[in-house]
Amino acid sequence: MSQNRSSDDNAEEHTRTETHERGPATGSDSGVGSVPIVEGAAAGLLAWLLGYLATYLVVSPGVRDSPLNQIIEALDGEPATYEMVGWVFYNAHFVNTVFSDLPFVGSHTTSYIGGEEGFAVLLYVVPIVLLLLAGLAVGYYRGASDPTDGAIAGVTVLIGYLVLSVAGLFLFEITVGGASAAPDRLAGVVLAGIVYPLVFAGAGGAASTLFERDGS
């Protein structure tokens, strides 16, 4: 009996010693860890800026020489090239451009991508690819251990992307006289600012775990 009690005491002491040496379980050990909010936000800002820059390089020559830009320049005294490029960038997120209080026309919405006179539909791919890469980079940086962990890391891209998506709604607004034009605000926030980074950056983050496995 005394030998059994002694064995139990020794086993208990050994367990306590191992626990003390290992220390308490951390979030990293459990696969959760800290969410890379700062890195994700920075990646979102960069993805948005690169998307706008890529759109500018592709469409600015056509925008600069467009009749609408020339009319705006004649009425307002300066061209609206960067704003109109912004419209196309939002169009690439399926966010229409809204014209309000136009003389003899009133209000209507349009997109400058696709159709006979629109820009190439390949512009739709620009934000998707950049968000996938941003989510992939953040997930890889995080060292995600499974697709869920990677997706959570990738979704942090939404923070920076949403901030600039909201800012762009005002930066790309043009007002001449009583008429105005700008990206649709509700769709600009919901689609461009939330849905796109949530889906594509999240998918990129989840895919980063596959990359990790291939590299291991």
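The values are calculated or read from the model by the stated rules, or taken from the named source; none is laboratory data. In this text, all values refer to a predicted model and were calculated from it rather than measured experimentally. Cβ sites come from the backbone with ideal geometry, for glycine too, and all protein chains shown count toward neighbours. Only protein heavy atoms, including side chains, enter the accessible area calculation; ligands, DNA and RNA are left aside. Shrake-Rupley method; radii C 1.70, N 1.55, O 1.52, S 1.80 Å.
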Residue match in region 184-193 (condition: at pLDDT 95 or above, more than 19 Å from Thr109 (Cβ to Cβ) and crowded, with 17+ Cβ neighbours inside 10 Å): no
Among the candidates Ser111, Ser100, residue that is closer than 23 Å to Gly178 by Cα and without any contact (Cβ under 8 Å) to a residue 24 or more places away in the chain: Ser111
Hits in region 160-172 - residues which are surrounded by fewer than 17 Cβ atoms within 10 Å (Cβ to Cβ) and more than 10 Å from Arg185 (Cα to Cα): Val163, Ala167, Leu171
Candidate set from region 112-141 (those that are of a type in the set (Gly, Ala, Ser) and open to solvent by 40 Å² or more (accessible area, probe 1.4 Å)); member that is nearest to Thr209 (Cα to Cα): Ala137
Total residues in region 173-183, condition open to solvent by 50 Å² or more (accessible area, probe 1.4 Å) and at pLDDT 95 or above: 1
Filter result for Gly135 (in contact with a Ser or Thr (Cβ under 9 Å, 6 or more places away or on another chain), without any contact (Cβ under 8 Å) to a residue 60 or more places away in the chain and either more than 26 Å from Ser107 (Cβ to Cβ) or small (Gly, Ala, Ser) (or both)): no
Hits in region 144-173 - residues which are within 14 Å of Val199 (Cβ to Cβ), of a type in the set (A, V, I, L, M, F, W, C) and under 9 Å from the mean Cα position of the chain (by Cα): Val155, Val157, Leu158, Leu162
Residue satisfying condition, being at pLDDT 95 or above and within 15 Å of the chain's Cα centre (by Cα), within set Val58, Val138: Val138
Any chance Glu78 is in a loop (DSSP other than H, G, I, E, B) and on the phi < 0 side of the Ramachandran plot: yes
Whichever residue in region 52-80 is touching a residue at least 12 places away in the same chain (Cβ under 8 Å) and open to solvent by 60 Å² or more (accessible area, probe 1.4 Å) and, among such residues, is nearest to Ala192 (Cα to Cα): Tyr56
Failed criterion for Thr209 (all others in (1) assigned to a helix (DSSP H, G or I); (2) among the polar types (S, T, N, Q); (3) without any contact (Cβ under 8 Å) to a residue 60 or more places away in the chain hold): (3)
Restricting region 81-107 to residues that are open to solvent by less than 20 Å² (accessible area, probe 1.4 Å) and among the β-branched types (Val, Ile, Thr), the residue that is nearest to the chain's Cα centre (by Cα): Val95
